[in-house]
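**Q** Structure in structure tokens, see below.
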Amino acid sequence: MKRPALLAWLTGAVLAVVMTWPMMSAPGQLTRMDTHDGKFSVWNVAWVAHALTTDPANVFNANIFHPHQGTLLYSETNLVAGAMAVPIYAATGNPIAAHNAVVLISLVLAFVLTWHLVRRLTGSPWAGVPPAAAFAFSAYVSAHTAHVQLLLVFVVPLVLIAWHWFADAPSVRRGSVLGATLTFSVLACAYYGIMMGLAAGFAALWFAAGQRHRRRYWAGLGAAVLVAALLVAPVAVPYATMRDGAGFRSALNVDEARGYSADHRTYMRGHAGPFTRVLPGSIRQALDAYVGVKGEVLFPGLVVVGLTLVGLVAGARLPSGRRVFWFYVALAALALWASLGPRAGLYVWLADVIPFMSFLRAPARFGVLVLLGLAVFAGWGLAALGTQSKRLRWLAPLLLALTVIDLRVAWPLRPVPPVPEAYQVLAGLPRAGTLVLHFPYRSGEWFPHVEHMFWSMWHWQPLVNGYSDFIPEDIRALAVPINGFPDAGSFRLMRERGVKYVAIDWRTYNEAAAAVMRARFPPYAQYLRPLVTTGPVSLYEVIGWPD
């Protein structure tokens, strides 16, 4: 490995530890325990890693909504994150460590690949360092610590690198690699996959006029489309099959998308870094009131803003490579337009013509491509400032330090409590349908099921419980009566679903509700064998059924 690339990898690794701190202080214990999104993210990655190491053929049959099949497909599958977690999960069996390893590796890759892209475009190994840090560890990234698929931002520069490699010498082989890269981005994150598919399509049209080998160019693009279609089909076909089912999102919800759209304030919204805190209190309060605290966070950082202004001026004056410069200007502008959502028009049009785009409810996430464009412009700006390589050798580290100071925030991670004894016992029992109570059921309150999914990582029994983008109607129908356990109605529902184990998490009941449940036990005690009755979670095995 050449020295600049080695330094980039080492820098990325150090920055990833620093910028995600305190994650690596206890990588097997710290995670986003304070949010349901964070727990769902860990469960999703752990399930894929678990399935790939034990029964790959059933990776889509996640342990939720028993006895339904294909339940991983009810929301984003996170196959790439799960596959990345396999080595750590196989070695340790620790789902928290596996998830955190994926996060760390993803951010290192984001830094290195962005650095590589900027180096390719500017010819300078130094110019890409601060912009790469600004993209890989942006405020957007640190605002999504609970969403592992959104942390896989490395696929954005990866696809663009693959595109430039193809465009330099078009061929069927390079086109096939481009198609495989696009598939990889789709499986990593649906938002980024569709976004980069659109970016590659736009690039194909943009650079077509300057191609000397048109036949090889279009043949290579055809290979890219074919390879991408074949590789993504195993996941896309089940989604397409379920698309028109009751409860599945089959058309863009315009009102919902409008609520998750960006505006000019979104690109001003970031974390309160040290450079902001030096402002007078009255100015800072007025700025906070104007920008707001809710919504997507897409401020690129002060260093990138300054370098981008220089890069836009310098790039427009490039004696060569103007086609590439204006491509990135146009690409960033289109991504910005799409991020503004239904009000701006482009997002609605794309949702009408692009398959599966109606599943993407947050247009503001197109802002990731804007951030990548700004990183490229910042690289051109830094290259222009350091016309002599010796100047860049001190200017780049200085701007890198300022970028870290500007964007560094402590990640809100919490230690995982001890695993309840009931779940440890479940891990050693034969695989069978499992019900965990309390069973949340109110409209809009299905997310608490993630708590039960999270603890299932230590036993992997098939749960009747579950949360996803899609909740099956029969699960909704049983939600209220199942909470009558133990009674005749709940036993009937459990028998229909092959439930053998019932866990009761007393932490989800108040004192009065717990007393009511215990009072129902005596008539049905003969049908239940207590396995664990101490601690926060009780566990029973169903050994018979009332007539």
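**Q** Which Cα, out of Val436, Val532, Pro448, lies furthest along the positive dipole direction of segment 421-542 (beta carbon charges, K/R +1, D/E -1)?
**A** The one lying farthest along the dipole's positive direction is Val532.
**Q** Roughly how many debye, to the nearest 20, is the charge dipole of segment 421-542 about its Cα centre, given +1 on each Lys and Arg Cβ, -1 on each Asp and Glu Cβ, and no other charges? Can you show the working numbers first?
**A** Working: 11 positive and 11 negative charges, 70 e Å.
Magnitude of the dipole: close to 340 debye.
**Q** For segment 366-382, what does the Karplus curve 6.51 cos²θ - 1.76 cosθ + 1.60, with θ = phi - 60°, yield as ³J(HN,Hα) per residue in whole Hz, taken in order and with x for Gly and Pro?
**A** After applying 6.51 cos²θ - 1.76 cosθ + 1.60, I find 4, x, 4, 6, 5, 4, 5, x, 5, 5, 5, 4, 4, x, 4, x, 5 Hz.
**Q** Test of understanding: what is the full-extension gain from His213 to His164, defined as 0.36 nm times their sequence separation minus their Cα-Cα distance? Don't skip to the answer; put the middle values down first.
**A** Details: separation 49, 0.36 × 49 = 17.64 nm, distance 1.52 nm.
Extra length available between His213 and His164 comes to 16.1 nm.
**Q** Please figure out what share of the DSSP beta bridges in the chain is antiparallel and state it in percent, rounded to the nearest 5.
**A** Details: 11 of 17 bridges.
Beta bridges within the chain, antiparallel portion: roughly 65 percent.
**Q** Can I ask one more? With +1 on each Lys and Arg Cβ and -1 on each Asp and Glu Cβ, and nothing else charged, work out how big the dipole of the chain is about its Cα centre, in Debye to the nearest 20. Display every interim value, and only then the final one.
**A** Working: 42 positive and 25 negative charges, 454 e Å.
Charge dipole, the chain, about its Cα centre: 2180 debye, nearest 20.
**Q** Another question, if that's okay. Find the centroid of the Cα atoms in segment 223-238 and in segment 368-438, then give the distance between the two in whole Å.
**A** One Cα centre to the other: 29 Å.
**Q** Give me the one-decimal nm value for the distance between modelled label points at Ala333 and Ala432, 7 Å along each residue's Cα-to-Cβ direction.
**A** With each label placed 7 Å out from Cα toward Cβ, I get 6.6 nm.
**Q** Sort Arg215, Arg520, Arg269, Arg258 by Cβ crowding within 10 Å, fewest neighbours at the top.
**A** Details: Arg215 9, Arg520 13, Arg269 22, Arg258 16.
In increasing order of surrounding Cβ atoms, one gets Arg215, Arg520, Arg258, Arg269.
**Q** Express in % the proportion of alpha carbon pairs of segment 421-542 at distances exceeding 22 Å. Intermediate values should be presented prior to the final figure.
**A** Values: 2124 of 7381 pairs.
Percentage above 22 Å: 29.
**Q** Given R₀ = 25 Å, FRET efficiency for Ser171-Trp394 by Cβ-Cβ distance, to 0.05? Spell out each step's value before the answer.
**A** Details: r = 41 Å, r/R0 = 1.66.
The calculated FRET efficiency here is 0.05.
**Q** Kirkwood hydrodynamic radius, segment 471-526, all distinct C-alpha pairs: what's the number in Å? It would help to have the intermediate numbers written out before the result.
**A** Numbers: mean 1/r = 0.0811 Å⁻¹.
So the Kirkwood estimate lands at 12.3 Å.
**Q** Follow-up question, since we're still on this one. Could you work out Rg/(2.2 N^0.38 Å) for the chain, with Rg from alpha carbons only?
**A** 1.06
**Q** Rounded to the nearest 0.05, what FRET efficiency is calculated for Arg507 and Ala477 with R0 set to 22 Å and r the Cβ-Cβ distance?
**A** Numbers: r = 26 Å, r/R0 = 1.18.
It comes out at approximately 0.25.
**Q** Can you list the residues, at least 5 places off or on another chain, whose amide H is less than 5 Å from the amide H of Leu437, using H built in the peptide plane?
**A** Excluding prolines and chain starts, which carry no amide H, the hits are Ala503, Ile504, Asp505.
**Q** Could you order the peptides 149-158, 10-19 from most to least packed, using the average number of other C-beta atoms within 10 Å per residue? Intermediate results must be reported in sequence, preceding the final value.
**A** On the way: 149-158: 24.7, 10-19: 17.9.
Taking the mean over residues of other Cβ atoms within 10 Å, the ranking is 149-158, 10-19.
**Q** Here is a further query. Towards the positive end of the charge dipole of the chain, with charges on Cβ (+1 Lys, Arg; -1 Asp, Glu), say which of Ala519, Val310, Val348 has the farthest Cα.
**A** Val310
Bear in mind these aren't lab numbers, they're just calculated from the coordinates by the rules spelled out. Worth saying up front: this structure is predicted, and the values here are computed from it rather than measured. With ideal geometry, Cβ positions are generated from the backbone for all residues, glycine too; neighbour counts draw on all protein chains shown.
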